[in-house]
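Reading through the structure tokens given below for one structure.
The values are calculated or read from the model by the stated rules, or taken from the named source; none is laboratory data. Keep in mind the model is a prediction, meaning the values are calculated, not measured. Every residue, glycine among them, receives a Cβ derived from its backbone with ideal geometry; neighbour counts consider all protein chains shown.
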Amino acid sequence: MTTLLQVRGLTKFFGGVKAVDGIDFEVGAGELLALIGPNGAGKSTTFNMVNGQLPADAGSITLAGRELVGLKPRQICRLGVGRTFQIAETFSSLTVIENVQMALLSHDHLIYAPWRRTGAHKREQALALLAQVGMAEQAQRPCSVLAYGDVKRVELAIALANDPKLLLMDEPTAGMAPKERNELMELTRRIVKERGTAVLFTEHSMDVVFAHADRLIVLARGRLIAGGTAAEIRDHPKVQEVYFGSGKTFERRGPGAVASAAVGAA
């Protein structure tokens, strides 16, 4: 498996608090890596440093060998980093296809060309992206009338419009019913495996994490305390201690591994 994202010694201070403490990890092509941890573990801070929204105080973040530390979010996006958000971000006044066409305009550096009609730009490519996420039949509907699960699918198509090498997914199933959660993650898995895209995602729903992540890494108080497969993390004594203290453990229910309690999203 080809390594696309490599993080080494990543560190971030907020005043005298070390929010992220010299962590190392990597993500390979076609791999879904879950970043989990209790509230205040440093997950969001790590995410925002990879995306360039926060500057790292130390360490290295490379994408396909290119250093990202010191670059602005727009520059990082241009290098092939896409992102979805905990609260889906679409233009509610535009149609489904227009949302994707706007993303394609941005990818082609044409977003500031006011004379260009959005509806004429790469329509077939936009429809192909919507077909990938199961939304082609709703291409002409305004995003404002969509069910929330469908908005999440549109957001995924928008992120894919940048043809990302790395996709960052922040709480991708937040606010969704259990069936919708699994459908979205199964869809994401299929698409990224086909494209060879690396995925780093945070998620508080442990049924989603254990069912869909190829590997997991666990943060606590800014430090990386464990990494491995679902089975390895489920049985890791330090992870059990950090999440639940003594007397509680992760459980397996049915075909997928889940947890006995939800994890904080911060």
Working only within the range 182-208, note down all residues that are surrounded by 21 or more Cβ atoms within 10 Å (Cβ to Cβ), in contact with a helix residue (DSSP H, G or I) (Cβ under 8 Å, 6 or more places away or on another chain) and farther than 20 Å from GLY82 by Cα.
-> SER205, VAL208
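Does THR202 satisfy the criteria of being under 22 Å from ASN51 (Cα atoms), modelled with pLDDT of 95 or more, touching a strand residue (DSSP E or B) at 6+ places or on another chain (Cβ under 9 Å) and β-branched (Val, Ile, Thr)? Walk me through how you get there before you give the answer.
Working: under 22 Å from ASN51 (Cα atoms): yes; modelled with pLDDT of 95 or more: no; touching a strand residue (DSSP E or B) at 6+ places or on another chain (Cβ under 9 Å): yes; β-branched (Val, Ile, Thr): yes.
For THR202, the condition - under 22 Å from ASN51 (Cα atoms), modelled with pLDDT of 95 or more, touching a strand residue (DSSP E or B) at 6+ places or on another chain (Cβ under 9 Å) and β-branched (Val, Ile, Thr) - is not met.
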Hey, can you tell me all the residues within the range 1-38 that are among the small types (Gly, Ala, Ser) and under 12 Å from LEU63 (Cα atoms)?
-> GLY28, ALA29
Take ALA230 and decide whether it is buried (at least 19 other Cβ atoms within 10 Å of the Cβ), modelled with pLDDT under 90 and more than 17 Å from LYS43 (Cα to Cα).
-> no
Over the range 121-146, the set of residues more than 16 Å from ALA159 (Cα to Cα) and either under 21 Å from the mean Cα position of the chain (by Cα) or acidic (Asp, Glu) (or both) is GLU124, GLU137
Go through the residues of the range 151-162 one by one and say whether even a single one is modelled with pLDDT under 90, surrounded by fewer than 21 Cβ atoms within 10 Å (Cβ to Cβ) and touching a strand residue (DSSP E or B) at 6+ places or on another chain (Cβ under 9 Å).
-> yes
Residue satisfying condition, being touching a residue at least 40 places away in the same chain (Cβ under 8 Å) and of a type in the set (D, E, K, R), within set GLU89, GLU26, GLU67 | GLU89
Counting only residues that are free of Cβ contacts under 8 Å to residues at least 12 places away in the same chain, give me the helices (runs of 4 or more DSSP H) lying completely in the range 134-252 with at least 2 of them.
-> 178-195, 237-244
Residues in the range 36-53: is at least one among the hydrophobic types (A, V, I, L, M, F, W, C) and surrounded by fewer than 19 Cβ atoms within 10 Å (Cβ to Cβ)?
-> no
Flag for SER44 being touching an Asp or Glu at 6+ places or on another chain (Cβ under 9 Å), of a type outside the set (Phe, Trp, Tyr) and at pLDDT below 95 | yes
Subset of the range 54-75 (residues that are closer than 18 Å to ALA198 by Cβ, touching a Lys or Arg at 6+ places or on another chain (Cβ under 7 Å) and surrounded by fewer than 19 Cβ atoms within 10 Å (Cβ to Cβ)) | SER60, ALA64
Exactly one of (1) at negative phi; (2) touching a residue at least 12 places away in the same chain (Cβ under 8 Å); (3) surrounded by fewer than 18 Cβ atoms within 10 Å (Cβ to Cβ) is unmet by ARG78. Its number?
-> (2)
